[in-house]
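S.K.: Have a look at the structure that comes next, please.
Rule-based calculations on the coordinates, nothing more; no lab input. Note that the coordinates shown come from a computational prediction; the quantities given were computed from them, not determined experimentally. For neighbour counting, all protein chains shown are included, and Cβ atoms are generated from backbone atoms with ideal geometry for every residue, glycine included.
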Protein chains: 2
Amino acid sequence: MSARQRLLDAALDLFAEHGVSGTSLQMIADRLGVTKAAVYHQFPTKEEIVLAVIGPALDALASIADAAQARRTPAARRDVALRGVVDLVVAHRRVAAVMRFDPVVQQIVTSHPAMVSMLRIRELITGPDPDTATSVAASMISGGLIVAGIDAALEHLDDDTLREQLLDAANRLFSRRARPAAAARARP
Amino acid sequence: MSARQRLLDAALDLFAEHGVSGTSLQMIADRLGVTKAAVYHQFPTKEEIVLAVIGPALDALASIADAAQARRTPAARRDVALRGVVDLVVAHRRVAAVMRFDPVVQQIVTSHPAMVSMLRIRELITGPDPDTATSVAASMISGGLIVAGIDAALEHLDDDTLREQLLDAANRLFSRRARPAAAARARP
């Protein structure tokens, strides 16, 4: 493992324990047994460390949005977008879990180009002008995928099983059910 | 609003911006325009502030578990437990969102009596010895409810609509679908 990767792994461990705000360059140096100057030499700010940790996952979002957008039907666009985010969460289980809900990370991501891709993916999943049920399903998926990817109760699942199960659960959230109001209208 | 509630509101604002780790008693004092000694007088440690913020929601968990456990059938137990957590999330949208994923909060909650209630509620929702799909559904619900309760895309929904939609989405995650393998077995 490269020195850079060791540093990012140590940083992610500390972020998980203390949050990004509660982690200092000094703490990362102590964890690695090096001087703060050595950390500073590679990453002059904590923000650069955060971006290095989440960068690979963020970079993948644009490709997912592009691949989904290239499909012809709304159903195919949703399917490709859902598969893309499920694959991403499973591939980056720990990074997603630690970073997704950190307030410092959220502030960094809000001004990151990947934010545009996230909004595109959400619209590819819901379609334009979604109704309330569809918006709620999309929100539940966005939080549920992250948590499911790190839940201790699911830790024993291999990547393929977890991927298949998450995709199945996400699709169930979008499944159509007979709604009393609609049924009443259909058979007056 | 009481001085205590003003302090807790200011703390929650700061927790949302900086995480619990990144928030100091001094920052809370500055936000309120009082001295650090005044904050310290009410809450000698940050942990006590965290517990005061999340306490009402944690205390409600035991009642939810008891109410669900008192029902006779697994379906009724799941239903009461799901309604209970959905009501709780909707009633405490912001606290749930800010605190649920904070690593410091997680450490505090792990050794809190409410942890037992959380595990009871999970088992009331899944039943004992759940299969993989049921475990994944429960995990998705636990994360999805929290995120859905704070998603900007859902902010305009009133509490009743949000409650109904979340319950509907959670139930859909548990809905049975014809599974190819089961269908093949049923009609050989």
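S.K.: When the residues of segment B:16-32 are narrowed to those that are within 8 Å of chain A (Cβ to nearest Cβ) and part of a helix (DSSP H, G or I), which ends up farthest from B:Arg94 (Cα to Cα)?
M.R.: B:His18
S.K.: Can you tell me how many residues in segment B:33-51 are part of a helix (DSSP H, G or I), touching a helix residue (DSSP H, G or I) at 6+ places or on another chain (Cβ under 9 Å) and not polar (S, T, N, Q)?
M.R.: Of the residues in that region, 11 qualify.
S.K.: Answer yes or no: is there a residue in segment A:5-16 that is among the charged types (D, E, K, R), loosely packed, with under 14 Cβ neighbours inside 10 Å, without any contact (Cβ under 8 Å) to a residue 40 or more places away in the chain and touching a Leu at 6+ places or on another chain (Cβ under 9 Å).
M.R.: Looking for residues that are among the charged types (D, E, K, R), loosely packed, with under 14 Cβ neighbours inside 10 Å, without any contact (Cβ under 8 Å) to a residue 40 or more places away in the chain and touching a Leu at 6+ places or on another chain (Cβ under 9 Å), one finds at least one in segment A:5-16, hence yes.
S.K.: Filter segment B:105-154 for residues that are at the interface with chain A (Cβ under 7 Å from one of its Cβ atoms), of a type outside the set (A, V, I, L, M) and in a helix (DSSP H, G or I) and give the result.
M.R.: Result: B:Thr132, B:Ser135, B:Ser139, B:Ser142, B:Gly143, B:Gly144.
S.K.: Hey, does segment A:66-86 have a residue that's in a helix (DSSP H, G or I) and either within 12 Å of another protein chain (Cβ to nearest Cβ) or of a type in the set (Ser, Thr, Tyr) (or both)?
M.R.: Checked against the condition, which is being in a helix (DSSP H, G or I) and either within 12 Å of another protein chain (Cβ to nearest Cβ) or of a type in the set (Ser, Thr, Tyr) (or both), segment A:66-86 yields at least one hit.
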